[in-house]
Amino acid sequence: MIRVLKHGRDPSAAANDDARVKAAVEQILADIATRGDAAVCEYSKKFDDWSPASFRLSSGEIEACIAQVERRDLDDIAFAQKQIRNFAEVQKAALKDVEVETLPGVVLGHKNIPMNSVGCYIPGGKYPLLASAHMGVLTAKVAGVKRVVAMTPPFKGKPAPAVIAAMAMAGADEIHVLGGIQAVAAMALGTETIGKVDFLVGPGNAYVAEAKRQLYGRVGIDLFAGPTETLVIADDSVDGEICATDLLGQAEHGPNSPAILLTNSEALARATMEEIERLLGLLPTAPIARQAWHDYGRVIVCDSIDEMVQEADRIASEHVQVMTRDPNYFLERMTNYGALFLGSRTNVAYGDKVIGTNHTLPTQGAARYTGGLWVGKFLKTCTYQKVLTDEASAHIGEYCSRLCMLEGFVGHAEQANVRVRRFGRRNVGYGEAAGY
């Protein structure tokens with residue numbers, strides 16, 4: 001039986017917030033679609049107090065930003081990008097073009113074709129999230145995308161040097177210092193000075209996420225992303241300190257970031273809640289983490305490991321940290337998660353920043369039907385077919401014609417019939433299904 005020791009905020013209150021965000025985004029997108037650069041400039045000035053002569057950085061400005069970054073920091077960025085590139089290249093190698101002769105003279109295949117242009121949003125309002133440059137820009141370039149546009153908001157009134165360095169080192173073809181709704185709208189819709197892209201990736205706040213949702217269709221997107229989520233699954237093989245640390249480490253993302261403890265030990269549950277209160281007295285980001293924990297934190301106690309698996313799949317969290325005696329039990333049985341972090345030696349921060357897997361992951365239950373961002377998201381798997389002999393065309397044509405007539409598509413049937421007449425030995429009249 002599941003027992004909830006701590007509840008989060010009433011979901012109806014969050015729905016009211018969503019409605020307010022939706023209306024604001026609709027208005028801004030419509031304005032940018034109509035007025036282009038002028039609207040982008042106005043919103044950048046309004047929201048970020050940022051109105052440069054050009055949002056796009058020149059090569060000289062990029063080099064000047066890189067020069068401000070300490071050598072140790074550049075080496076650390078290079079290390080992280082090496083790990084992410086290595087894993088993305090392994091993933092790409094697993095995606096093979098195929099071609100097979102399914103019947104004598106009938107050849108089918110598919111090719112994995114990179115998108116032509118991608119826009120990568122790298123958040124930077126509260127924190128300059130340079131890791132998102134690795135996850136978006138670098139992975140797109142490994143996939144073979146020709147044009148990658150990277151955008152990030154100003155940080156404390158100027159470009160964030162480490163973020164600009166990460167973008168450049170990842171291979172961005174264009175770097176713009178522009179944030180928020182106006183950034184994703186400019187990339188998706190295009191303006192007088194910013195060429196539109198085919199696909200948008202990258203996390204962001206509620207307004208950026210809603211803008212991507214509303215732009216979907218006019219442009220592709222990676223995920224319908226919401227606030228960062230973490231689920232810690234633990235038994236009494238670990239203690240409250242490590243559970244509390246992993247929960248608060250993700251709760252600091254924002255005041256609406258859900259952090260959930262799922263355990264079969266009530267003693268661990270209560271110890272974790274006590275540790276959370278202690279750590280909130282020490283954590284520099286406690287004002288944010290405390291609100292997230294108060295409003296969205298939950299503690300759930302289950303009777304068995306299998307009940308924990310079922311509840312974890314129901315929650316379908318973005319990040320799932322498993323710290324139990326047998327973490328592989330969850331790897332083998334869970335089906336709904338963005339990414340798994342198995343054992344107490346790893347943690348979500350490793351995945352967020354450096355270990356090599358991508359940190360752009362499904363939230364708000366989307367893990368039920370999609371995985372996260374990876375090199376395959378930037379590739380279109382496109383099929384083709386070839387019919388090599390007259391006999392093969394006539395053979396397939398007879399089946400096709402009859403099946404078309406079953407559906408009432410006479411014109412479709414005639415596409416088959418004309419080939420049966422030309423390449424086969426049967427005399428099939430217009431609109432007459434072959435073999436009838």
What tally of residues in region 320-337 results from selecting those that are more than 23 Å from the chain's Cα centre (by Cα) and not aromatic (Phe, Trp, Tyr)? 8
Checking Lys6, Lys46 in turn, the sole residue that is closer than 30 Å to Pro258 by Cα and modelled with pLDDT of 95 or more turns out to be Lys46
Being within 20 Å of Gln364 (Cβ to Cβ), open to solvent by 10 Å² or more (accessible area, probe 1.4 Å) and of a type in the set (Val, Ile, Thr), is that true of even one residue in region 278-285? no
Which members of region 268-289 meet the condition of being β-branched (Val, Ile, Thr) and either under 12 Å from Leu247 (Cα atoms) or in contact with a His (Cβ under 6 Å, 6 or more places away or on another chain) (or both)? Thr272, Ile276
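Is one or more of the residues making up region 118-133 more than 30 Å from Phe47 (Cα to Cα) and within 18 Å of the chain's Cα centre (by Cα)?
Within region 118-133 (the criterion being more than 30 Å from Phe47 (Cα to Cα) and within 18 Å of the chain's Cα centre (by Cα)), the answer is no, since none of the residues qualifies.
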Take region 96-117 and flag every residue that is under 19 Å from the mean Cα position of the chain (by Cα) and assigned to a loop (DSSP other than H, G, I, E, B). Met115, Asn116
Right, Gln415: assigned to a helix (DSSP H, G or I), open to solvent by 80 Å² or more (accessible area, probe 1.4 Å) and either at pLDDT 95 or above or within 29 Å of Arg85 (Cβ to Cβ) (or both) or not? yes
Being of a type in the set (Gly, Ala, Ser) and out of contact with any Phe, Trp or Tyr (no Cβ under 9 Å at 6 or more places or on another chain) is the filter here, so list the residues in region 249-292 that pass it. Gly249, Gly254, Ser265, Ala267, Ala269, Ala271, Gly281, Ala286, Ala289, Ala292
For region 365-383, name all the residues that are closer than 18 Å to Gln83 by Cα and without any contact (Cβ under 8 Å) to a residue 12 or more places away in the chain. none
Can you say whether Asp97 is over 23 Å from Ala133 (Cα atoms) and either buried (at least 17 other Cβ atoms within 10 Å of the Cβ) or in contact with a strand residue (DSSP E or B) (Cβ under 7 Å, 6 or more places away or on another chain) (or both), as far as the supplied structure shows? yes
The correct count of residues that are more than 29 Å from the chain's Cα centre (by Cα) and either among the aliphatic types (A, V, I, L, M) or at pLDDT below 95 (or both) in region 52-68 is 3
Is it the case, given these coordinates, that Ala267 is surrounded by fewer than 17 Cβ atoms within 10 Å (Cβ to Cβ) and touching a Leu at 6+ places or on another chain (Cβ under 6 Å)? no
For Glu70, only one of the following conditions fails: (1) closer than 30 Å to Tyr350 by Cβ; (2) in contact (Cβ under 8 Å) with a residue 24 or more places away in the chain. What is its number? (2)
I need the full set of residues from region 340-364 which are in contact (Cβ under 8 Å) with a residue 24 or more places away in the chain and among the small types (Gly, Ala, Ser), in order please. Ser344, Ala349, Gly351, Gly356
Could you please let me know if Ser401 is in contact (Cβ under 8 Å) with a residue 12 or more places away in the chain, in a helix (DSSP H, G or I) and of a type in the set (Ser, Thr, Tyr)? yes
Of residues in region 233-246 being in a loop (DSSP other than H, G, I, E, B) and free of Cβ contacts under 8 Å to residues at least 60 places away in the same chain, the one farthest from Gly36 (Cα to Cα): Asp236
Output for Cβ contacts, cut-off 9 Å, separation at least six or different chains, first residue without any contact (Cβ under 8 Å) to a residue 40 or more places away in the chain in region 94-106, second part of a loop (DSSP other than H, G, I, E, B), reads Glu101/Leu388
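What number of residues within region 306-325 are touching an Asp or Glu at 6+ places or on another chain (Cβ under 8 Å) and of a type in the set (A, V, I, L, M, F, W, C)?
Qualifying residue count for the region: 1.
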Return only the number of the condition from (1) in a loop (DSSP other than H, G, I, E, B); (2) under 19 Å from Leu361 (Cα atoms); (3) open to solvent by 10 Å² or more (accessible area, probe 1.4 Å); (4) of a type in the set (Gly, Ala, Ser) that Gly249 does not satisfy. (1)
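Yes or no, residue by residue, for (1) touching a helix residue (DSSP H, G or I) at 6+ places or on another chain (Cβ under 9 Å); (2) modelled with pLDDT of 95 or more; (3) open to solvent by 50 Å² or more (accessible area, probe 1.4 Å):
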residue	(1), (2), (3)
Lys386	no, yes, yes
Ser393	yes, yes, no
Glu398	yes, yes, no
Val420	yes, yes, no
Gly435	yes, no, no
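The values are calculated or read from the model by the stated rules, or taken from the named source; none is laboratory data. Please read these numbers as outputs of a predicted model, since none were measured by experiment. As a convention, Cβ positions derive from the backbone with ideal geometry for all residues, glycine included, and neighbour counts pool all protein chains shown. Just the protein is used for accessible areas: all its heavy atoms, side chains included, with ligands, DNA and RNA removed. Shrake-Rupley method; radii C 1.70, N 1.55, O 1.52, S 1.80 Å.
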